[in-house]
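Trainee: Starting off with a structure, shown below.
Bear in mind that the values in this text are calculations on the coordinates, not laboratory data. Here the structure is a predicted model, which is why all the values come from computation and not from measurement. Cβ placement follows ideal geometry from the backbone for every residue including glycine, while neighbour counts extend to all protein chains displayed.
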Amino acid sequence: MISSVRGEVLSVGLDHVVVEVGGVGLAVQATPATLATLRRGEQARLHTSLVVREDSLTLFGFADAEARELFGLLQTVSGIGPRLALAALAVLDPDKLRTALAEGNITVLTQVPGIGRKGAERLTLELRDKVTAAGAEAAAVPAGGAVRAEVVDALTGLGFPAKQAEQVVEKVLAAGEAGTTPAVLRAALSALGRK
């Protein structure tokens, strides 16, 4: 496995960079955020993951090892391939993605093109414990994260728009009414009833 590449940047495209390593130009797929840090003619070092398919060998590059590990972890979920995992890291930075997975925040995960509600639920179900154990940031999940997600889901299930549900839950939690899911749900419904 090729775990990193270092060399001169020959060109930067919309979705990839070509890095010269030992006289060979390697095309490395990367997120827009990673590509924005690279300049043609400068030296670059990327942490990489080699994905082997029957008809291709594709290198995916990342600015840091944490993003590479998260990329590999996402692919352990059924239905998530390298392209979708890279899209997730393009839309959500690693910290935000870890937090969303640890909290079970379906709304944030469905912002990724190609991940619907069922896919997001599968991601959180399969990766919640792995992300919490793997990331120090995720170990310090903000209090009320799981409650927030459950209450927003309950409100959207009752027919309230997702954006309105998120806003009212944020206001309830900011007012210091954190606690159990039923208590926060009651306070949120009460606030919505006053509008």
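Trainee: Going through segment 58-102 one residue at a time, which ones are surrounded by fewer than 16 Cβ atoms within 10 Å (Cβ to Cβ), under 11 Å from the mean Cα position of the chain (by Cα) and more than 17 Å from K130 (Cα to Cα)?
Mentor: D93
Trainee: Also, quick follow-up: Here are some conditions: (1) of a type outside the set (F, W, Y); (2) surrounded by 14 or more Cβ atoms within 10 Å (Cβ to Cβ); (3) not in a loop (DSSP other than H, G, I, E, B). R6 meets all but one. Which one does it not meet?
Mentor: Failed condition: (2).
Okay, residues lined up against (1) in a loop (DSSP other than H, G, I, E, B); (2) of a type outside the set (G, A, S); (3) out of contact with any helix residue (DSSP H, G or I) (no Cβ under 9 Å at 6 or more places or on another chain); (4) under 15 Å from Q29 (Cα atoms):
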{"position": "T58", "(1), (2), (3), (4)": "no, yes, no, yes"}
{"position": "E66", "(1), (2), (3), (4)": "no, yes, no, no"}
{"position": "L70", "(1), (2), (3), (4)": "no, yes, no, no"}
{"position": "T76", "(1), (2), (3), (4)": "yes, yes, no, no"}
{"position": "I80", "(1), (2), (3), (4)": "yes, yes, no, no"}
{"position": "A87", "(1), (2), (3), (4)": "no, no, yes, yes"}
{"position": "A90", "(1), (2), (3), (4)": "no, no, no, yes"}
{"position": "D95", "(1), (2), (3), (4)": "no, yes, no, no"}
{"position": "T99", "(1), (2), (3), (4)": "no, yes, no, no"}
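Trainee: Please go through segment 12-38 and pick out each residue that is within 16 Å of V51 (Cβ to Cβ), out of contact with any His (no Cβ under 9 Å at 6 or more places or on another chain) and part of a loop (DSSP other than H, G, I, E, B).
Mentor: D15, T31
Trainee: Collect the residues in segment 168-195 that are surrounded by 12 or more Cβ atoms within 10 Å (Cβ to Cβ), among the β-branched types (V, I, T) and touching a residue at least 24 places away in the same chain (Cβ under 8 Å), keeping them in residue-number order.
Mentor: V168, T181, V184
Trainee: Sort out which residues of segment 158-167 are under 24 Å from the mean Cα position of the chain (by Cα) and surrounded by fewer than 21 Cβ atoms within 10 Å (Cβ to Cβ), and write them in order of number.
Mentor: Answer for segment 158-167, where residues must be under 24 Å from the mean Cα position of the chain (by Cα) and surrounded by fewer than 21 Cβ atoms within 10 Å (Cβ to Cβ): P161, A162, K163, Q164, E166, Q167.
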